[in-house]
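Undergrad: Take this structure, written in structure tokens, and hold onto it; I'll ask about it next.
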Amino acid sequence: MKYILLFSIICSNVFSQTQKEREFILSKSNSSEVAQIKADFASNDLKNQKDIKEYLAKHPNAESKAKIQRIIDGVPIYYQEDNNVLSVQTLRANAMYPSGSLGLSVTGQGMTVGLWDGGKVRDTHVELGTSRVSFGDAVSTLSTHSTHVLGTIMAAGVSPTRRGFAYQATAITYDYGNDGSEILAFAGQGYLVSNHSYGNIAANLQESNFGSYNSQSIEADNIMATYPYFQMVKSAGNDRSDTTLDQVNLKGGYDLLTGAACAKNIITVAAVEGIMTNGDDNSFVMSDFSNFGPTDDGRVKPDLSAKGVAVSSCIAVSDNGYSELQGTSMASPSITGLITLLQKHYNNLNPGTFMKSATVRALLFQSAREAGDYDGPDYKFGWGLPDGMAAAQIITNRNVSTVLEEDNLANGQTFTKTIAINSVQNLKVAIDWTDPKGIGNISGDIDNRSPRLINNLDLKVIKDGTTYYPWKLDPDLNEEAATNNSDNDVDNIERIDIPNAQPGTYTIQVTHKGSLSGGSQAFSLVASGSGTGLGLDSRDFDNSVYIYPNPANNVLNFEAKNNIVISAVAINDVSGKEIYKSENSINNSIDVSNLSSGVYFVTFKSDNNSVTKKFIKE
């Protein structure tokens, strides 16, 4: 309790994600579910401690190998810890920087990241100093692994080639002992993302543990379902090159994911060699160690890939030490850092609000660059490598030429949205939802293919009588290409690709099978084209307000259709700073003659809706 009190004091004074923002995030949680999950975790912690004590009484030498984290099916579970500028370039996150190609000023300032790892971060390192790191528990042993991982997320750039993704963010760090309850408490304070570059030691596991949806998977899904804005990011593990493992020899490198890496809502990250250029090369090479999926039920896992070979970042041996490390541990923080930047970009355009974790996943999976031997996902690279530039542009152009929205599907409902394109282009549509915790595998059950979905949504795109279906994989045909000729009944991410889509109108349809737990399911929808963008249904509020001329010189005009009454207008610059606001006398023109040349965002509000549009001041 003493440490929790100190932690609360430190957070209120140091970290810059505001209390009001975190209260907004927490207001979206179900209070009864929060009370239940806290009670469940407290009960599970007591049982876990009892199980470990009983195991050690029978096996007194077991703890000398490593610290036991929990007992699953009578087997002790041990954890192991699975140049930054190239990591950033590989995911094209630098496009959001002040000097980046998108004209934004996103650095991670104002964002707080959670880190669970194998020891204490060297918070006095020149890349992490100036009170940017706080400790959530009493860990005291310095760890190069922890310091290196956090450096990839947020190193300041004292050494320019080692600058991290969100290089002005802050962090709360923990040892991975007792991680479940600590993660629950972190999410319960309204934070958005955490990194977990560790996992089970494969040599200690039985065949039934691989790919299994077990108590660790359930625990992770339960946290994220309770706090729908919170996203955990997890390394896939590094066992594929270990030929002493029976599982490697039995499955040829497939079916190696374990524990939380098999959760539905977590983002599990594979490691690739990355690129040696400026980020435009799509010839990504898989590392020789990164664990492959699938999960037993055939879901797309791992989810994404990032650079995890020869990553140079800060280490714990001194305040100015650096070194190269490799592993999926080095890939996972790239995704964590990218999410931090994208959430901040969204927050800049929509002050006081952030994306739900399902929206973040849909955005990353929809905009990912292709990797692997075939189009679509696979059990090696997942959906491919995230494209920070493309994801940021989808956010910027939201409700203008891209779709990025959070919706809700009720029992028996059919959701539809109409989009249009006026030129031949590649069209991508994706949905993602934070599915409730599933039913765990039975002890000793090997490769049980029963889906772990609780709410089974179905995405389709329809044009002129032709129906397009989402990608899916077959866990019994690991090397085969993904197919897209029928519904996907196992994944809570569904993506439809229509290459060379012809001009015309397309209807996005979301339905469900069976009954929805709780009577409804929130989901997130992302759609974009590779050409001039999407034409959106004029009945939408977002398209009932339009601005002109754009670019503007002295005056920006706007009009509202469909009898919409605008009650407030505000203009923000690319950093999110509000520079104009009017709530009383709303005219249909705004004097922008005093603005400097550049990119701005104007937000229009009515009684029940708001929309933000980008304009350029010449």
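The values are calculated or read from the model by the stated rules, or taken from the named source; none is laboratory data. Just so we're clear, the structure is a prediction, and the values are computed from it rather than from any experiment. Because the Cβ atoms are built from the backbone with ideal geometry, glycine has one as well, and the counts that use them run over all protein chains shown. Ligands, DNA and RNA are stripped out before the accessible areas are found, and what is left, the full protein with its side chains, is counted by its heavy atoms. Shrake-Rupley method; radii C 1.70, N 1.55, O 1.52, S 1.80 Å.
Undergrad: For the stretch 172-188, what are the residues that are over 21 Å from K50 (Cα atoms), surrounded by fewer than 21 Cβ atoms within 10 Å (Cβ to Cβ) and either out of contact with any Leu (no Cβ under 8 Å at 6 or more places or on another chain) or hydroxyl-bearing (S, T, Y) (or both)?
TA: Listed by number, the list holds a single entry, A185.
Undergrad: Among the residues of the stretch 466-508, how many are within 16 Å of V429 (Cβ to Cβ), among the polar types (S, T, N, Q) and in a loop (DSSP other than H, G, I, E, B)?
TA: Residues meeting the conditions: 4.
Every residue, every condition in (1) more than 27 Å from N455 (Cα to Cα); (2) modelled with pLDDT of 95 or more; (3) not aromatic (F, W, Y), yes or no:
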position: A331; (1), (2), (3): yes, yes, yes
position: I339; (1), (2), (3): no, yes, yes
position: G352; (1), (2), (3): yes, no, yes
position: D373; (1), (2), (3): yes, no, yes
position: E406; (1), (2), (3): no, no, yes
position: A410; (1), (2), (3): no, no, yes
position: T416; (1), (2), (3): no, no, yes
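Undergrad: Now for a different question. Could you please find all residues in the stretch 183-210 being modelled with pLDDT of 95 or more and touching a strand residue (DSSP E or B) at 6+ places or on another chain (Cβ under 6 Å)?
TA: Across the stretch 183-210, the qualifying residues are F186, Y191, V193, S194, N195, H196, S197.
Undergrad: Counting only residues that are of a type outside the set (D, E), open to solvent by less than 30 Å² (accessible area, probe 1.4 Å) and within 20 Å of the chain's Cα centre (by Cα), how many does the stretch 102-145 have?
TA: So in the stretch 102-145, the residues of a type outside the set (D, E) come out as 102-116, 118-122, 124-126, 128-136, 138-145.
Now restrict to residues that are open to solvent by less than 30 Å² (accessible area, probe 1.4 Å): 104, 106-108, 110-116, 118-119, 121, 125, 128-129, 132-134, 136, 143, 145.
Checking which are within 20 Å of the chain's Cα centre (by Cα) leaves us with 106-108, 110-116.
Number of matching residues: 10.
Undergrad: Here are some residues: K460, K437, K417, K428. Which one is more than 30 Å from Q36 (Cβ to Cβ), open to solvent by 50 Å² or more (accessible area, probe 1.4 Å) and basic (K, R)? Spell out how you get there, then give the answer.
TA: Working: K460 fails: open to solvent by 50 Å² or more (accessible area, probe 1.4 Å); K437 fails: more than 30 Å from Q36 (Cβ to Cβ); K417 fails: open to solvent by 50 Å² or more (accessible area, probe 1.4 Å).
Unique residue meeting the criteria: K428.
Undergrad: While we're here: Name the strands (runs of 3 or more DSSP E) wholly inside the stretch 298-383 in which the number of residues that are under 22 Å from S27 (Cβ atoms) and open to solvent by less than 10 Å² (accessible area, probe 1.4 Å) is 1 or more.
TA: Details: elements: 304-307, 311-314, 322-325.
Strands (runs of 3 or more DSSP E) meeting the threshold: none at all.
Undergrad: Does E21 satisfy being buried (at least 16 other Cβ atoms within 10 Å of the Cβ), under 27 Å from the mean Cα position of the chain (by Cα), at pLDDT 65 or above and assigned to a helix (DSSP H, G or I)?
TA: On the way: buried (at least 16 other Cβ atoms within 10 Å of the Cβ): yes; under 27 Å from the mean Cα position of the chain (by Cα): yes; at pLDDT 65 or above: yes; assigned to a helix (DSSP H, G or I): yes.
Spelling it out, E21 is indeed buried (at least 16 other Cβ atoms within 10 Å of the Cβ), under 27 Å from the mean Cα position of the chain (by Cα), at pLDDT 65 or above and assigned to a helix (DSSP H, G or I).
Undergrad: Are any residues in the stretch 397-414 surrounded by fewer than 18 Cβ atoms within 10 Å (Cβ to Cβ) and within 21 Å of N265 (Cα to Cα), and if so, which ones?
TA: Within the stretch 397-414, E405, E406, D407, N408, A410 qualify.
Undergrad: Only residues that are crowded, with 24+ Cβ neighbours inside 10 Å and hydrophobic (A, V, I, L, M, F, W, C): list them for the stretch 146-171, please.
TA: Scanning the stretch 146-171 gives V149, L150, I153, M154, A155, F165, A166, A169, A171.
Undergrad: I've got another one for you. Check the stretch 55-63 and report whether any residue there is at pLDDT 70 or above and surrounded by 20 or more Cβ atoms within 10 Å (Cβ to Cβ).
TA: No, the stretch 55-63 contains no residue that is at pLDDT 70 or above and surrounded by 20 or more Cβ atoms within 10 Å (Cβ to Cβ).
Undergrad: So which residues in the stretch 463-474 are closer than 22 Å to V490 by Cα and open to solvent by 50 Å² or more (accessible area, probe 1.4 Å)?
TA: Just the residues of the stretch 463-474 that are closer than 22 Å to V490 by Cα, to begin with: 467-474.
Within the stretch 463-474, T467, Y468, Y469, D474 qualify.
Undergrad: Right, something else. Could you figure out which of (1) out of contact with any strand residue (DSSP E or B) (no Cβ under 6 Å at 6 or more places or on another chain); (2) over 25 Å from V611 (Cα atoms); (3) surrounded by 14 or more Cβ atoms within 10 Å (Cβ to Cβ) isn't true of M389?
TA: Exception for M389: condition (2).
Undergrad: Would you be able to tell me the number of residues in the stretch 240-257 that are open to solvent by less than 20 Å² (accessible area, probe 1.4 Å) and part of a loop (DSSP other than H, G, I, E, B)?
TA: To start, the set of residues in the stretch 240-257 that are open to solvent by less than 20 Å² (accessible area, probe 1.4 Å) comprises 245, 247-248, 253-257.
After this cut, where a residue has to be part of a loop (DSSP other than H, G, I, E, B) as well, the list is 245, 253-257.
Number satisfying all stated conditions: 6.
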